[in-house]
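As structure tokens, the structure follows; a few thoughts come after it.
The values are calculated or read from the model by the stated rules, or taken from the named source; none is laboratory data. This one's a predicted model, so the numbers in the text were calculated from it and none came from an experiment. Neighbour counts are summed over all protein chains in view; Cβ atoms, including those assigned to glycine, are modelled from backbone coordinates with ideal geometry.
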Amino acid sequence: MRFHSLACACAVLVGGVLAATAVRAAVPSFAQVEGIMTSAGGGPAADGSYNATFALYAQQVGGTPLWTESGAVSVKSGQFSYQLGARTLFPPPRSTVRRCGSG
């Protein structure tokens, strides 16, 4: 009986670890973005390859980027698609501390 309980406990523990690993593995390490590149005159950029730099910031205006990546972007009819994080890994998630109460 004791062996059976221990075996069940181990099975539950292993199952939990495997489930947590599967969930963690499902989080992508990149983000696909699409956009429209325009010329200085405001129309669609000419077809071709352009060097572009992407950056992620913690705030909407100003500040230092948390992450940057540069790469060639292929443009057709002004449209492009790019995989953020394909060349430079994203930084680890930032935890947010929230204050509750009046003190």
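Take the residues in the stretch 29-49 that are in a loop (DSSP other than H, G, I, E, B) and touching a residue at least 12 places away in the same chain (Cβ under 8 Å), then tell me which one is farthest from Tyr82 (Cα to Cα). Step through it out loud before you land on a result.
To start, the set of residues in the stretch 29-49 that are in a loop (DSSP other than H, G, I, E, B) comprises 29-30, 37, 39-43, 45-47.
Narrowing further to those that are touching a residue at least 12 places away in the same chain (Cβ under 8 Å): 29-30, 37, 43, 45-47.
Working: Ser29: 14, Phe30: 10, Met37: 12, Gly43: 20, Ala45: 16, Ala46: 17, Asp47: 15 Å.
Of everything passing the filter in the stretch 29-49, Gly43 is farthest from Tyr82 (Cα to Cα).
Residue check, Met37 against (1) at pLDDT 95 or above; (2) within 27 Å of Pro93 (Cβ to Cβ), all met but one. Which one?
Evaluating Met37 over (1) at pLDDT 95 or above; (2) within 27 Å of Pro93 (Cβ to Cβ) leaves (2) as the failure.
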